[in-house]
Every structure is written in structure tokens, then in C-alpha cells.
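Working notes, beginning with the structure itself.
Please treat every number below as a calculation from the coordinates, not as lab data. Model, not experiment: these values are computed from the prediction. FYI the Cβ positions are ideal-geometry reconstructions off the backbone, even for glycines, and counts take in every protein chain you see.
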Amino acid sequence: MELEILQYPDARLKQKSAPVTEITPEIRALAENMAKAMYESDGIGLAAPQVGRFVRLITVDLSGPSQREALKVYLNPVLEALPDPESGKPEGVESEEGCLSVPDYRSNVKRHSRVLLKALDLDGNPVEREAADLEAICLQHECDHLDGKLFIDRISRLKRGLYDGKVKKRLKAAE
């Protein structure tokens, strides 16, 4: 099954996803095909809503896009901000993000620098792990998709307006 990655401004990207209630062969196939689509698009993360499936499933591989050696699949992920070990407070970090569903655009986004992930793996086993830096940012980005949010929803109105203008021109030119 080849999956198409939805592109902004597709309204389906705003849809919230339902929890995975049973790990079926279809869920396993979806995870496998999402990983394939993520790798083919040179991504390091992909959420099920980006391929038009509205379940709480994400794939992440920080070894990518070139190596593809550390695939993680998380079902029903929940994130909690963790405090910085030194200050005892949640720390924010600003970094440049892009998205397979938001082509040809990158912008700085502020996220938590450390998170606690609670999820299930594809065998239904609970996963609980602390993530920091790029992994924490990637998990937050992908989990946003599960709630119908894109990274461009987290940028300034001015930057968002400029990007929306580019999208309108691109869509008009394609007509």
C-alpha cells in the first residue's frame, strides 16, 4: 500500500486522531507503510494523520534520513514536559523545523527541551522514556499532528501570513 503524504492546506491535517484500541494487522501494515513513506520523503518522523489515517500512531527515526537504523513506532503517545535537571523548571528550546506536509518551508519553533513519552509499541507493550533535544522536538512535532496541529500553527502571524501567501500563489499556478 503506497501512502500519499497530505500537503497543507489540506483540511484533513486539522482533524484530531482517535486512540488505537486494538493492534490489528491493518495497524501493523499502516506503521510499516508510514515508515516507508517517511524514508522515501527523507523525513525523520511521520504521524498517521499526515497520510490520511486518523489514529494516534507515529513513526520516528532520528538516524535518518540517510541511515534508517533506529525506527520507533509509538501508539497513543502522550508527552509530559520534564524540568531541566539544573534549574528544576521546564526549559524551552527554539529550533528550526520543517514538515513533510508543509513543503518548502522551515521556521523556528519553541518547544520543550525534555519530555517524558508514554506510549505503546506495536506489540502492545508500554513504553516510557525520557527524550531530550532533537528527539523531544520530533516527538512534540509528531504528537501535534495527532491533535490536528502543524508547526506553522506555532509561528508568528506575520510568518504564517507570508507562508500562506506563497501557498496561495503555488495553488493558483497549479490550476
Model label zone, Ala18; criterion: amide N under 17 Å from point 7 Å along Cα-to-beta-carbon; scope region 131-175: 146-148
Shape call, region 1-86: gyration tensor on alpha carbons, a/c limit 1.5: rounded
Potential extension, Glu69-Leu171 segment - 0.36 nm per residue separation minus Cα distance: 33.1 nm
5 Å binning of all Cα-Cα separations within the chain, expressed as whole percents from 0 upward: 1, 8, 17, 20, 21, 16, 9, 5, 2, 0, 0
Centroid-to-centroid separation of region 91-113 and region 18-74 [C-alpha atoms, Å]: 19
For region 113-128, Karplus couplings with θ = phi - 60° (6.51, -1.76, 1.60), whole Hz, Gly/Pro x: 7, 9, 9, 9, 9, 10, 7, 10, 8, 5, 9, x, 7, x, 10, 9
Table column - 3J(HN,Hα) (Hz), region 40-50, Karplus curve with 6.51, -1.76, 1.60, x for Gly and Pro: 5, 9, 6, x, 10, x, 8, 10, 3, x, 5
Charge dipole magnitude, Cβ of K and R +1, D and E -1 - region 1-113, Cα centre, debye nearest 20: 380
Region 11-174: relative contact order in percent, alpha carbon pairs under 8 Å with at least 6 residues between: 23
Phi to ³J(HN,Hα) by Karplus 6.51 cos²θ - 1.76 cosθ + 1.60 over region 137-151, Hz, x for Gly, Pro: 5, 4, 4, 5, 4, 5, 5, 4, 4, 5, 9, x, 10, 10, 4
Structure-based [θ]222 nm, the chain - -39500 (n - 2.57) summed over DSSP H runs of at least 4, per residue, nearest 500: -9000 deg cm²/dmol
